[in-house]
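Laboratory data are not the source of any read-out in this text; all were calculated from the coordinates shown. Since we're looking at a predicted model, the values are computed, not measured. Because the Cβ atoms are built from the backbone with ideal geometry, glycine has one as well, and the counts that use them run over all protein chains shown.
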Amino acid sequence: MEFSIIKGDPTPDEHIAIEFAISLHKREELIPIIRRSTFGSPQLRKPFGNSFQFNPRKN
C-alpha cells in the first residue's frame, strides 16, 4: 500500500498504515563524532610574517 497525505486528516486506512509504519521504525541515537585537527593546537600555530597577504592577486 502506498499513501501520501499532503494536508488534512488521514483516512482510517491511512491512519492504520501510519501507526504500522511508526511501530516498525527503530530510532537510532546518533553520537556526534568530533575530530579536531592537530593544526589547531597552540603549539603548532605561529603568527604570520609581516609580508603575508591573504589574497595578493586580487587586484
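Residue by residue, what Karplus-based ³J(HN,Hα) values in Hz, rounded to whole numbers, does the stretch 12-28 have, using 6.51, -1.76 and 1.60 with θ = phi - 60° and x for Gly and Pro?
Values, residue by residue: x, 5, 5, 5, 5, 5, 5, 4, 5, 5, 5, 5, 7, 6, 9, 7, 9 Hz.
Using a Förster distance of 35 Å, how high is the FRET efficiency between Phe54 and Ile18, based on the Cβ-Cβ distance and rounded to 0.05?
0.05
Give a residue-ordered list of calculated ³J(HN,Hα) values for the stretch 29-34 (Karplus: 6.51 cos²θ - 1.76 cosθ + 1.60, θ = phi - 60°; whole Hz; x for Gly, Pro).
Using θ = phi - 60°, the values come out as 8, 8, 9, x, 9, 10 Hz.
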